[in-house]
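All remarks here apply to the structure that follows.
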Amino acid sequence: MRKLLLALALLPGMAQAEALLIAPVKLLDTSHEARDQTAEHARRQALLAEVLAAEMSATLLPAEAVAEACPQETADCLVTLMRERGADRGLFIVVQKASTLILQVFASLVDLEAGKLITHEELNFRGDNDESWRRAGVFLARQLRD
């Protein structure tokens, strides 16, 4: 597969697409809700990442790869890992859950070669359910593409 992609990139008149890699979505839950929502949160974090990947023609960086290569999850290590996986750009997402009704997304799109921030977007969304997270992903992808 890699050889095919390289061959296509070398064809005359073919523009080489920039590869976008999305880091696992992080969650900061400051809602102090009594019920354990760990499984629901993990599922919604994955949902948000999957929506972004589909909307932005991106690839997801597996959490296992991050845990193995970057156990401390430092920015330098993550950027290096993404670069080694052939990405030109990396997307880093953190969701802060203030309550069941109020969530905020912080998204940083980084040029991995230059190590520079391309753009940073922040958005609020309401409702801690699958549909709200999905819609937030679609909206965020549109913001990042523009």
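Assorted remarks:
- Every pair of residues 6+ apart whose Cβ atoms lie under 7 Å, when the first sits in segment 119-146 and is closer than 27 Å to residue 33 by Cα while the second is surrounded by fewer than 13 Cβ atoms within 10 Å (Cβ to Cβ): 126/101; 127/101
- Count of segment 28-59 residues, restricted to those that are of a type in the set (A, V, I, L, M, F, W, C), in contact with a strand residue (DSSP E or B) (Cβ under 9 Å, 6 or more places away or on another chain) and within 19 Å of residue 109 (Cβ to Cβ), is 6.
Matching residues to (1) buried (at least 19 other Cβ atoms within 10 Å of the Cβ); (2) modelled with pLDDT under 95:
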site: 55; (1), (2): no, no
site: 60; (1), (2): no, no
site: 68; (1), (2): no, no
site: 87; (1), (2): yes, no
site: 94; (1), (2): no, no
site: 99; (1), (2): no, yes
site: 103; (1), (2): yes, no
site: 115; (1), (2): no, yes
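- Enumerated strands (runs of 3 or more DSSP E) restricted to segment 45-136, each holding at least 2 residues that are within 17 Å of residue 23 (Cβ to Cβ) and of a type in the set (Gly, Ala, Ser): 102-111
- For segment 31-45, filtered to residues that are basic (Lys, Arg) and modelled with pLDDT of 95 or more, the residue that is nearest to residue 130 (Cα to Cα) is 44.
- Taking the numbered list (1) out of contact with any Asp or Glu (no Cβ under 7 Å at 6 or more places or on another chain); (2) more than 18 Å from residue 46 (Cβ to Cβ) in turn, residue 136 passes all entries but (2).
- Screening residue 136 with (1) at pLDDT 95 or above; (2) exposed (fewer than 13 other Cβ atoms within 10 Å of the Cβ) gives one miss only, at (2).
- Residue within segment 117-132 that is modelled with pLDDT under 95 and among the small types (Gly, Ala, Ser) present: yes
- Just one of the listed residues (75, 114, 98) is in contact with a Ser or Thr (Cβ under 7 Å, 6 or more places away or on another chain) and not basic (Lys, Arg), and it is 98.
- Of all residues in segment 37-60, those satisfying the criterion of being more than 13 Å from residue 142 (Cα to Cα) and aliphatic (A, V, I, L, M) are 39, 42, 46, 47, 48, 49, 58, 60.
- Pairs are defined by a Cβ separation below 7 Å, a sequence spacing of at least 6 or placement on different chains, a first member in segment 80-91 that is in contact (Cβ under 8 Å) with a residue 60 or more places away in the chain, and a second member that is part of a loop (DSSP other than H, G, I, E, B) and of a type in the set (D, E, K, R); the pairs so defined are 88/18; 88/113; 89/18.
- Residue match in segment 75-83 (condition: in contact with a His (Cβ under 8 Å, 6 or more places away or on another chain), surrounded by 14 or more Cβ atoms within 10 Å (Cβ to Cβ) and either modelled with pLDDT of 95 or more or not small (Gly, Ala, Ser) (or both)): no
The values are calculated or read from the model by the stated rules, or taken from the named source; none is laboratory data. Small disclaimer: the values here were computed from a predicted structure and weren't measured. Every residue, glycine among them, receives a Cβ derived from its backbone with ideal geometry; neighbour counts consider all protein chains shown.
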